[in-house]
Amino acid sequence: MSDNASAGATGTDSEDVQHEYDQMLDTLDAAIEEARRKVESGRVYDADNEKVRIKWIRALSYAVNVRRQVQNDRDLAELAEKVERLEEETGLTEGA
């Protein structure tokens, strides 16, 4: 995805990619908040409830990890775009 996001991306393409990343992060934030709520407010009366709570903890951990990866991808796409712009402004190209 980083190749498409950085190589020859126009302003509109770049904005679309950033918007997609923002939407993914918003969705993940909502999922993380819901999982956190379930973990923190859950009452454990029996073993079955504890199993459900453990599943929510796993879901929360997974969502946090995915969010971190998406944030890193977005940051890398932004950096690639900035490098490309700087290369264009200074007349530098790859292999030169």
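The values are calculated or read from the model by the stated rules, or taken from the named source; none is laboratory data. Small disclaimer: the values here were computed from a predicted structure and weren't measured. Note that we place each Cβ from the backbone using ideal geometry, even for glycine, and neighbour counts take in every protein chain shown.
Would you confirm, using the coordinates I've provided, whether D29 is out of contact with any helix residue (DSSP H, G or I) (no Cβ under 9 Å at 6 or more places or on another chain) and in a helix (DSSP H, G or I)?
Details: out of contact with any helix residue (DSSP H, G or I) (no Cβ under 9 Å at 6 or more places or on another chain): no; in a helix (DSSP H, G or I): yes.
Criteria not met by D29.
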| query | On the given criteria, is R53 touching a helix residue (DSSP H, G or I) at 6+ places or on another chain (Cβ under 7 Å) and at pLDDT below 95? | reply | yes
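Name every residue in the range 26-37 that is farther than 30 Å from S14 by Cβ and surrounded by 13 or more Cβ atoms within 10 Å (Cβ to Cβ), in order of residue number.
Just the residues of the range 26-37 that are farther than 30 Å from S14 by Cβ, to begin with: 34-37.
Result: E34, A35, R36.
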| message | For a quick check of your reading of the model, give me the residue pairs whose first member lies in the range 40-61 and is over 20 Å from L28 (Cα atoms) and charged (D, E, K, R), whose second is modelled with pLDDT under 85 and surrounded by 10 or more Cβ atoms within 10 Å (Cβ to Cβ), with beta-carbon atoms closer than 6 Å and at least 6 apart or on different chains. | response | E50/V44
| query | Taking the range 38-70, which residues are loosely packed, with under 11 Cβ neighbours inside 10 Å and aliphatic (A, V, I, L, M)? | reply | A47
